[in-house]
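*Asks:* First the structure, which I've put down as structure tokens, then a few questions once you've had a look.
The values are calculated or read from the model by the stated rules, or taken from the named source; none is laboratory data. Everything numeric here is computed off the predicted structure, so don't read it as measured data. In this analysis, Cβ positions are derived from the backbone assuming ideal geometry, glycine residues included, and neighbour counts consider all displayed protein chains. What goes into the accessible areas is simple: the full protein's heavy atoms, side chains included, and nothing from ligands, DNA or RNA. Shrake-Rupley method; radii C 1.70, N 1.55, O 1.52, S 1.80 Å.
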Amino acid sequence: MVLVTSDKPVLPRSHSASSTLPWVTTVSRLVLAGVLIVAGWGKIGTPVLSVQAVKAYELLPDSLATVVGYGLPILEIVIGVLLVVGLLTRVAGIISALLMLAFVIGIASAWARGLRIDCGCFGGGGQLKAGVEPDYLIDILRDAGFFALGVVVAWFPPGRFALDSALGLTSGREPYDDDIEGDDEKPYEKENH
């Protein structure tokens, strides 16, 4: 007689954290995508203001600040669209996280140096008018939250409804595959005499 067993317990799907992870990634992906698209769209129509916002941070030479000011809205929209459709999800998540980290560092730097500027995150930017106080702490906390979403997307791609999955671009077996945990391993046989 041959008894087939597995050394892994089979948990009911409702108890498996792996069944919620793709939804967490999907929500993170879509929220981050929406923010990036709105931010890029708010700047792309007025590139001069975008350049002005980047220059206001006084971190980059003027020529590089001009390139960043023109290029940033395009990058934000492209990364946002990639996140919406779930294409190159890990790369888009990494770039999103790095962008948000750069924004946090830039805003913190402006605050530490006593600059009184609008972050320019969703358009506008530059020096604040007299009597208007900057909201640096709120901007930093917001962008830190978006950084966290970027990390989730980069760490656990691609989520649900992603072109990466449909096109077979995901690397290896996803940790939240629809299989029941443990069914992909070969059971070992134990002979009963």
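*Asks:* Please give the residues of segment 125-155, grouped as numeric ranges, whose backbone N is less than 18 Å from a label point set 7 Å along the Cα-to-Cβ vector of L101.
*Replies:* 140-155
*Asks:* Which whole-Hz ³J(HN,Hα) couplings does segment 20-26 yield from phi under the Karplus relation 6.51 cos²θ - 1.76 cosθ + 1.60, θ = phi - 60°, glycine and proline marked x?
*Replies:* Working through the residues one at a time gives 9, 4, x, 6, 4, 4, 4 Hz.
*Asks:* Ignoring ligands, DNA and RNA, how do K43, K55, K129 rank by accessible area with a 1.4 Å probe, largest first? It would help to have the intermediate numbers written out before the result.
*Replies:* On the way: K43 10, K55 80, K129 155 Å².
My answer, sorted largest first, is K129, K55, K43.
*Asks:* Between segment 64-120 and segment 123-148, what's the alpha-carbon centroid distance in Å?
*Replies:* The distance from the Cα centre of segment 64-120 to that of segment 123-148 comes to 13 Å.
*Asks:* Right, next: Which whole-Hz ³J(HN,Hα) couplings does segment 152-157 yield from phi under the Karplus relation 6.51 cos²θ - 1.76 cosθ + 1.60, θ = phi - 60°, glycine and proline marked x?
*Replies:* Values, residue by residue: 4, 5, 5, 7, 10, x Hz.
*Asks:* Per residue, how much accessible area does segment 71-133 have with a 1.4 Å probe, in Å²? Walk me through the numbers on the way to the answer.
*Replies:* On the way: 3000 Å² over 63 residues.
About 48 Å² of surface per residue is accessible.
*Asks:* Related question: If I take R0 = 35 Å and measure r between the Cβ atoms of V27 and L60 in this structure, what FRET efficiency does the formula 1/(1 + (r/R0)^6) give, to the nearest 0.05? Mind showing how you got there, number by number?
*Replies:* Numbers: r = 34 Å, r/R0 = 0.96.
After rounding to 0.05, the efficiency reads 0.55.
*Asks:* Another question, then. In terms of modelled amide H atoms, which long-range or inter-chain residues lie less than 5 Å from the amide H of L88?
*Replies:* Placed amide hydrogens put D164 under 5 Å from L88.
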